[in-house]
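Since the structure comes first, as structure tokens, the remarks are kept for the end.
The values are calculated or read from the model by the stated rules, or taken from the named source; none is laboratory data. Fair warning: this is a prediction, and the values are worked out from it, not measured in the lab. Counting neighbours? That spans all protein chains shown, and the Cβs are built from the backbone with ideal geometry, glycine included.
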Amino acid sequence: MEHHRRCVKDALVLAQNLNSSNFESIAAAIRDYEQQMFGYAGEAQEETDRNEVAMHQPDFSFKKRFAT
């Protein structure tokens, strides 16, 4: 579920940048979006690492791991 939220956040930030008059060009809007994305990409990578470790445990279950 967190992955979906990040995707929506990415799309929202990019759309806002592309529709904003704060940037001199589309390239500048995309660069700003990329810089924002890099700010939280490390967190996403850490989550991926935790999930990978958990999946290698003998008692791993997707239902248990991602139960809400």
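Here are some notes:
- Beta carbons closer than 7 Å, at least 6 apart along the sequence or on distinct chains, pair a first residue in the stretch 29-44 that is over 18 Å from His4 (Cα atoms) with a second that is surrounded by 14 or more Cβ atoms within 10 Å (Cβ to Cβ) for Ala29/Asn17; Ala29/Phe23; Asp32/Asn17; Asp32/Phe23.
- Test result for Glu46, surrounded by 10 or more Cβ atoms within 10 Å (Cβ to Cβ) and within 30 Å of Phe66 (Cα to Cα): yes
- Between Ala54, Ala15, Ala67, Ala27, the distinction of being exposed (fewer than 11 other Cβ atoms within 10 Å of the Cβ), at pLDDT 85 or above and small (Gly, Ala, Ser) belongs to Ala27 only.
- Test: Glu34 is surrounded by 10 or more Cβ atoms within 10 Å (Cβ to Cβ) and out of contact with any strand residue (DSSP E or B) (no Cβ under 9 Å at 6 or more places or on another chain): yes
- Listing of helices (runs of 4 or more DSSP H) fully contained in the chain that carry 1 or more residues being among the basic types (Lys, Arg) and over 11 Å from the mean Cα position of the chain (by Cα): 26-55, 62-65
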